[in-house]
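Structure record follows, encoded as structure tokens.
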Amino acid sequence: MAKSVYEEAYARSMQDPQGFWAAAAEDIHWDKRWDRVFDDARKPFYRWFAGGVLNTCYNALDLHVDRGRGKQRALVYDSPVTGTVKAFTYRELRDEVARIAGALRRQGVQKGDRVIIYMPMVPEAVMAMLACARIGAVHSVVFGGFASNELAKRIDDAKPRLILSASCGIEVNRTVPYKPLLDGAIELSAHKPERCVILQRPQETATLLKGRDLDWGDFVGGAPPADCVPVAATDPLYILYTSGTTGIPKGVVRDHGGHAVALKWSMGAIYGVGAGETYWAASDIGWVVGHSYIVYAPLLKGCTTILYEGKPVGTPDPGAFWRLIAQHGVNVLFTAPTAFRAIKKEDPQGAHMAKHDLACFRTLFLAGERCDPDTLHWAEDKLGVPVIDHWWQTETGWPIAANCVGLGTLPVKAGSPTKAVPGYRVRVLSEDNQELPAGQIGSIAIALPLPPGCLPTLWNNDAGYETSYLTKHPGHYLTGDAGYQDDDGYLYIMSRVDDIINVAGHRLSTGAMEEVLAAHPDVAECAVVGVADEIKGEVPVGFVVTKAGVERPEAEIARELVDKVRALIGPVAAFKLALVVKRLPKTRSGKILRGTMKRIAEGQEYTLPATIDDPAILGEIRDALQQKGYAKKG
Ligand code: COA
Ligand code: AMP
């Protein structure tokens, strides 16, 4: 049987990766072409397009203006929370970005300097990212839902010269003052940035600190536009911190060359989108989806990208997504299944969809968490377009497994993100590194080298990169996900093998939450597990045992713990339930049985672990959970 386009592309990417990616790289403007497509001189720190010189911002903006797309909309900002819709053409966006780049230069920011961007979903945030790229500065965007303590960790690791922020963010019906969070972070951090630039929003203005803070208007006012600075393909474009297994986030590094090549290729091959079309990733620039598919990929491809400051529901109703699709002519939407679950709950019949003309809408992509078949079928049914689940991570920066629409859509199997994307040799491995047969669950790994665009290392932490990702399965990158492949080569991503949970499509570490709980003076020991949630997929639930002699009311301690996680990690953790229990279930060797607690909380059957030290504890845990509405038999 003749190979499909996808099969042919996949085979080529495996047999001749250098030829495959060199061909894709022809789509990028290089100031100097690469010396080697692939450089393995410093194994296992492989590099793509070594010797190549380019500018990512040039490829995302100037190139399109130079080639006649100057009048096309590049960015549409749609903000129901402020009642604003504003479009920027490629020419306008380039000019704004050049001015911000000039302003950064005027503040002494040089190639290689780090700039933290702690901003809500406003156009200035996107412009700031591109402005950094323009002058070769390394941006690190921190999600607005993180608290001061988390921001401080990132400041200390990235050591930014400058922080760009705003007076506030807006969440449905409340403003979130960012400035006090920023001030708090700088107080906590050992590294102090030279300057903070604050975008004052009319919803809430911030007090500026004399000598350190600068108003955005003054920062940009009169700044000479800066031109694109050529940088090495292997230079860092950004650092994006993501949850690891402890409270210390991992600084995922992205380089310029491989990133530009892979992302631009992905727009056509995976998403089936061409220049001039409108692409919307309903995510946040604080996450990798926002970096790759709100900012870089659609602009590299010459698309119109949408920046949405709102939610799927509540701003103002579950028809928000359909209003945007119709109003801006969106061809392809990318969001997380949780957003669809939220919409489905409020509008099960899809009545809001029927109010809008969705003729332009072609494909829906979902990622960030496993897409449950119910949500997938509901979306297919109501929208009448292909619904494509695809799997990736902050570390890879673009999809590992997908139904590559641009290479010929394969049959959809609910619960599977389809097959490995060209460039990724995905394997399901056993504990002893043997490839497992179809149907058997194992640790999902990717044979090295990773394709272009994936992380080359962690920021200032080569050793951490090796131990976190390359040690468990020699010759492979450890994804941290467990799952299996079926007889047709479709992948099924079932769970994490570590402490990471996925709350409303946000990646969080239960280990980090446990660190917060353990630091409470009354807590002797604790455990946090992710428990299934109808809308958010999973939510964290904490169990604590208090120290001997603590006699304060349990409810008071529980409330303090909830407040503490919110204050130290942030509201995004959605940590709303802490239970004070007498003991934690453990094995005889002292390992806390988190998996069993999770099953109890979810009302699932569980087998009594043979090694448990005291089985009666499980009944106590179940009773405590039942009082809070969990642990019900389904
Ligand atoms: N700044 C400050 N606070 C923020 C924030 C931000 N940028 N983003 C979220 N928060 C707060 C929220 O206000 C909420 O606070 P609360 O506990 O006081 O209500 C908390 O963090 C949790 O936010 P969120 O996860 O957004 O939950 P929600 O209940 O407000 O909304 C959904 C639920 C499903 C509608 C929402 O999570 C959603 O749209 N998810 C889409 C998924 C997504 O974007 N994933 C990214 C990867 S693709
Ligand atoms: P993040 O780094 O925040 O993008 O989170 C990556 C993690 O989210 C992955 O390692 C998976 O655990 C999970 N994930 C993302 N997309 C999917 C998907 N389509 N199916 C199952 N899990 C997913």
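The values are calculated or read from the model by the stated rules, or taken from the named source; none is laboratory data. Values in this document were obtained by computation on a predicted structure and should not be read as measured data. Virtual Cβ from ideal backbone geometry, glycine too; neighbours counted across all protein chains shown. When the accessible area is computed, the model is the full protein with side chains, heavy atoms only, and any ligands, DNA or RNA have been set aside. Shrake-Rupley method; radii C 1.70, N 1.55, O 1.52, S 1.80 Å.
With all pairs of different alpha carbon atoms counted, what Kirkwood hydrodynamic radius in Å does the range 205-314 show?
Details: mean 1/r = 0.0591 Å⁻¹.
About 16.9 Å, per the Kirkwood formula over Cα pairs.
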Output ³J(HN,Hα) for the range 270-283: one whole-Hz value per residue in order, computed from phi by the Karplus curve 6.51 cos²θ - 1.76 cosθ + 1.60 with θ = phi - 60°, and x for Gly and Pro. 8, 8, x, 10, x, 4, x, 8, 10, 10, 10, 9, 8, 9
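Diagonalise the Cα gyration tensor of the chain and give the resulting equivalent ellipsoid semi-axes, square root of 5 times each eigenvalue, largest first, whole Å.
Details: eigenvalues 272, 182, 129 Å².
Semi-axes (√(5λ), whole Å): 37, 30, 25.
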Amide H contacts under 5 Å for residue 49, restricted to residues at least 5 apart in sequence or on another chain and with H modeled in the peptide plane, are 38, 39
In this model, which of 153/210; 576/632; 86/153; 43/472; 355/413 are farther than 27 Å apart at the alpha-carbon? 86/153; 355/413
Chymotrypsin sites (Phe, Trp or Tyr not before Pro) in the range 22-107 lying in a DSSP loop, each with at most 16 other Cβ atoms within 10 Å of its Cβ, come to 45
Output row, site residue 409, 7 Å Cα→C-beta label point, backbone N cut-off 19 Å, window the range 365-386, residues 365-367, 371-386
Under-5 Å amide H pairs with residue 164, H placed in peptide plane, nonlocal only: 116, 117, 118, 197
Could you compute Rg(Cα) / (2.2 N^0.38 Å) for the range 576-623, with N its residue count? 1.08
Order the peptides 274-287, 388-401, 541-554, 181-194 from the highest to the lowest mean number of other Cβ atoms within 10 Å of their residues. 388-401, 274-287, 181-194, 541-554
Antiparallel DSSP beta bridges within the range 504-627, as percent of all bridges there, nearest 5: 75
Taking protein heavy atoms only, a 1.4 Å probe, and rounding to whole percent, the accessible area of the range 504-627 owed to carbon and sulfur comes out at 51
Arrange the peptides 515-522, 587-594, 361-368 so that the one whose residues have, on average, the most other Cβ atoms within 10 Å appears first. 361-368, 515-522, 587-594
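The range 431-498: which GluC sites (Glu not before Pro) are DSSP loop and have at most 15 other beta-carbon atoms within 10 angstrom? Don't jump to the answer; show the numbers that get you there.
Working: sites: 431, 435, 466; in loops: 431.
For GluC sites (Glu not before Pro) across the range 431-498 that sit outside H, G, I, E and B with at most 15 neighbouring Cβ atoms in 10 Å, the list reads 431.
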Cα atoms only, the range 504-627: Rg and Dmax in Å? 14.0, 40
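Order of 213-222, 609-618 by packing, highest average Cβ count within 10 Å first? Provide the component values of the computation, followed by the final result.
Details: 213-222: 15.9, 609-618: 13.4.
In decreasing order of mean packing, 213-222, 609-618 become 213-222, 609-618.
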Mind putting together the pair-distance distribution for the range 115-173? All Cα pairs, 10 Å bins, whole percent per bin, short to long. 23, 54, 21, 2
Scattering curve values for the range 1-63, log₁₀ I(q)/I(0), Debye with Cα scatterers, q = 0.20, 0.22, 0.27, 0.28 Å⁻¹: -0.87, -0.95, -1.10, -1.13
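Calculated FRET efficiency, residue 563 and residue 532, Cβ-Cβ r, R0 25 Å, to nearest 0.05?
Details: r = 25 Å, r/R0 = 0.98.
After rounding to 0.05, the efficiency reads 0.50.
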Near the amide H of residue 112, under 5 Å away, which other amide H atoms are found, from residues 5 or more places off or on another chain, if H is placed in the peptide plane? 137, 138
Find the accessible area per residue for the chain; the probe is 1.4 Å, ligands and nucleic acids are left out, and the unit is Å². 37
7 Å from Cα along Cα→Cβ at both residue 317 and residue 43: what's the point-to-point distance in nm? 6.2
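Are there any trypsin sites (Lys or Arg not before Pro) in the range 119-219 that are in a DSSP loop and have at most 11 other Cβ atoms within 10 Å? List them by number.
On the way: sites: 134, 153, 154, 161, 174, 195, 210, 212; in loops: 161, 210, 212.
The qualifying sites are 210.
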